[in-house]
2 protein chains.
Amino acid sequence: MKIINSISGMRKLALKWKQEGLSVALVPTMGFFHEGHLSLMKAAGSKADHVVVSLFVNPAQFGSNEDLNHYPRDLEHDAKLAEDKGVSCLFCPDAKDIYPPGFQTWVRVEGVSQRLCGTSRPEHFRGVATIVAKLLIIVQPDMAIFGQKDFQQLQVIRRMVSDLNIPVNIIAHPIVREPDGLAMSSRNTYLDAQERESALSLVQAIRLAEKMVALGNRSGPEVIQAIRNHIQSFGNTKIDYVFIGDPESLKPCREIVDETLLALAVWVGKTRLIDNTLLKQ
Amino acid sequence: MKIINSISGMRKLALKWKQEGLSVALVPTMGFFHEGHLSLMKAAGSKADHVVVSLFVNPAQFGSNEDLNHYPRDLEHDAKLAEDKGVSCLFCPDAKDIYPPGFQTWVRVEGVSQRLCGTSRPEHFRGVATIVAKLLIIVQPDMAIFGQKDFQQLQVIRRMVSDLNIPVNIIAHPIVREPDGLAMSSRNTYLDAQERESALSLVQAIRLAEKMVALGNRSGPEVIQAIRNHIQSFGNTKIDYVFIGDPESLKPCREIVDETLLALAVWVGKTRLIDNTLLKQ
């Protein structure tokens, strides 16, 4: 596995593969790999000749009060894990090359960025859209794979790729969960034992909603209320949002139809966790 | 010469050329070709195997009170002129394909878009940056050629291409002028005989400034005042701005050094004209 730091080096390697007629899948990450990342890499490897994993803790998607500085990092371990998954190239650019002095261009996806996480993290998706646009332009992959855990991110990227005519196939990968159901996240490492218990409130609330819908309840407000009650029954939780609505436009709806998105963000202590599901009728 | 309307058709042709190892130069235009456009096409043809001219009157770069609806158009004549210049392909996409329902992604270049024309046309450069990003992603040319008459546009695009890592060489082409000095523009067709006289105030003001600098005057404010006085001595003129400053950052400066940008925008009747020069010490 090659580890590449320079943008020009990455571009050269990707171009070489393209000229050889080999397909490339990109897996954009912020590192500190867990099973979720590894399953993205595995899926990518089953679909393309070469897998490029980008590892970049993107300052532009963190708010000024967020956890950029103590976001977990372990490049050496990450490199080993990626190599074991058959990844061809780990692309680890420097922040000073990605955002050089005088950088001033931003890609903004307006509607779908503004709701849900966009309310409490106003510039987050501008940072996400910009870094992903740059990575797609540098690597020019045939496909890029994203975890469905960051559902809104996935929709922002799908919209951007379509709107800017970027020739890439965006693939969504199902959420990977711990044995007890907690959605995997690098931020789970922040949780102490008690918070780890409270973190289960998210997946439990999702299962509760799925059960209500399976039993015939179609009322968004009733399901949201049940979720809120369940999460609030745990210590140390603070709900950011519970959302039920259209999975593409991310506009809220009152009636649950097939493939309605349920998404939630909850603070557990000082850690903000997200989870989601598509409710089936 | 091929005339292509569909984005996928354009992409396919450009990809074919790329696979054949042929170089491509893009000349983005809004049509209604004059000698300025034709000289861009000629320059492009001397540098690349194939020239693609895009012809798209981009609604996103017109303000709501601007001249989108009566912007001059003559596709048939344009096609003849382009063919005579040896252009390989005229790309004329439909607005509904470029901005389909639900379109919501914008490329914004922050600093250099905000001054000069950005003050009176607040969303203009967002529209320019977005359409040029889309064209560069669709056509993937080796180079793209822009007239220096739209100097700020050129700097916005240079900054965007660098910031988003778009692999294209941006080439600036000198301003093409009428025999009496008026910078060529499709909007010159709006001018009646008397306005046509007043329109000469722009180039005359530029020549005046060049003379002052040649005689040793280094004072931005003094040169600006002389320009204002000259333009205001013409009937039917209203100055939008007279700018002296750094050609890259587009920040104003008081002292004229070598390669200082002088740029101006003036309303002549209902027509807004721009012109510029790089002042030499």
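What the table shows:
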| item | result |
| --- | --- |
| Vicinal HN-Hα couplings computed from phi for region B:83-91 (Karplus, 6.51 cos²θ - 1.76 cosθ + 1.60; Hz; Gly/Pro x) | 4, 4, 8, x, 5, 7, 8, 9, 9 |
| Cα-based helix-to-principal-axis angle, B:124-139 vs chain B, degrees rounded to 10 | 30 |
| Angle between chain B longest axis and helix B:7-19 axis [Cα atoms, degrees, rounded to 10] | 80 |
| Along principal axes, Cα extents of region B:148-227, largest first, whole Å | 44, 36, 19 |
| Per-copy distances of the B:L22 label point, shortest first, in nm (7 angstrom along Cα→Cβ) | 2.9 |
| Per principal axis, descending, Cα span of chain B in whole Å | 55, 39, 39 |
| Calculated on alpha-carbon atoms, Rg and Dmax of region A:1-123 in Å | 15.9, 46 |
| Relative contact order (percent, whole number), chain B, Cα cutoff 8 Å, 6+ residue spacing | 17 |
| Modelled FRET efficiency - R0 25 Å, B:Q225 with B:E259, Cβ distances, 0.05 increments | 0.70 |
| Reciprocal mean inverse distance between Cα atoms of region A:224-281 - Kirkwood radius, Å | 12.0 |
| Total lysine pairs whose alpha carbons fall under 17 Å of each other in region B:2-173 (8 or more apart, or interchain) | 12 |
| Cut-off under 5 Å, modelled amide H: who pairs with A:C89 long-range | A:K2, A:V51, A:V53 |
| Nearest-ten-degree value, helix B:35-47 long axis tilted from longest Cα axis of chain B | 50 |
| Label distances, nm, B:K80 versus same residue in remaining copies, Cβ-directed 7 Å point | 7.4 |
| Antiparallel bridge percentage (DSSP; both residues within the protein assembly as shown; nearest 5) | 55 |
| Per-residue Cβ neighbour rank within 10 angstrom, fewest leading, A:L250, A:L13, A:L26 | A:L13, A:L250, A:L26 |
| Cβ-based exposure ranking for B:M160, A:M1, in which fewest neighbours within 10 Å come first | A:M1, B:M160 |
| Long-range amide H partners of B:R177 with built H, under 5 Å | B:M184 |
| Evaluated at q = 0.17, 0.21, 0.24, 0.28 Å⁻¹: base-10 log I(q)/I(0), Debye formula over Cα of region A:188-227 | -0.51, -0.64, -0.73, -0.86 |
| Normalised contact order of region A:130-281, rounded percent, pairs of Cα under 8 Å and 6 or more residues apart | 20 |
| Listed residue (A:S186, A:I239, A:V176) projecting farthest to the positive dipole end of region A:161-281, Cβ model | A:I239 |
| Counted charge near B:S219, where neighbours are those whose Cβ lies closer than 9 Å (Asp, Glu -1; Lys, Arg +1) | 0 |
| Sum of -39500 (n - 2.57) over DSSP H runs of 4+, divided by residues of chain A (222 nm, nearest 500) | -12500 deg cm²/dmol |
| Kirkwood-based Rg to Rh ratio, region B:56-205, C-alpha trace | 0.96 |
| Antiparallel %, DSSP beta bridges [both residues in chain B], to 5 | 50 |
| Proxy reagent accessibility, fewest Cβ within 10 Å first, across B:H34, B:H50 | B:H34, B:H50 |
| P(r) of region B:58-140 over all Cα-Cα pairs, binned every 5 Å from zero, in whole percent | 3, 12, 17, 21, 20, 15, 9, 3 |
| Chain lengthening between A:A214 and A:M1 when straightened (0.36 nm per residue, less Cα-Cα) | 72.0 nm |
| Other copies of A:E255: label-to-label distances in nm, shortest first, labels 7 Å along the beta-carbon direction | 7.2 |
| Between region A:223-251 and region B:133-193, the alpha-carbon center distance in angstrom | 49 |
| Compactness of the protein assembly as shown - radius of gyration and Dmax, Cα, Å | 27.2, 88 |
| Over region A:153-281, volume per residue of the alpha carbon convex hull, in Å³ | 117 |
| Counted charge near A:L90, where neighbours are those whose Cβ lies closer than 9 Å (Asp, Glu -1; Lys, Arg +1) | -1 |
| Of the GluC sites (Glu not before Pro) in region A:211-268, those whose Cβ has at most 16 other Cβ within 10 Å and which sit in DSSP loop | A:E248, A:E259 |
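No lab work stands behind these numbers, since they all come straight from the coordinates. Since this is a predicted model, take the numbers as computed values, not measurements. Neighbour counts run over all protein chains shown; Cβ positions are idealised from the backbone, glycine included.
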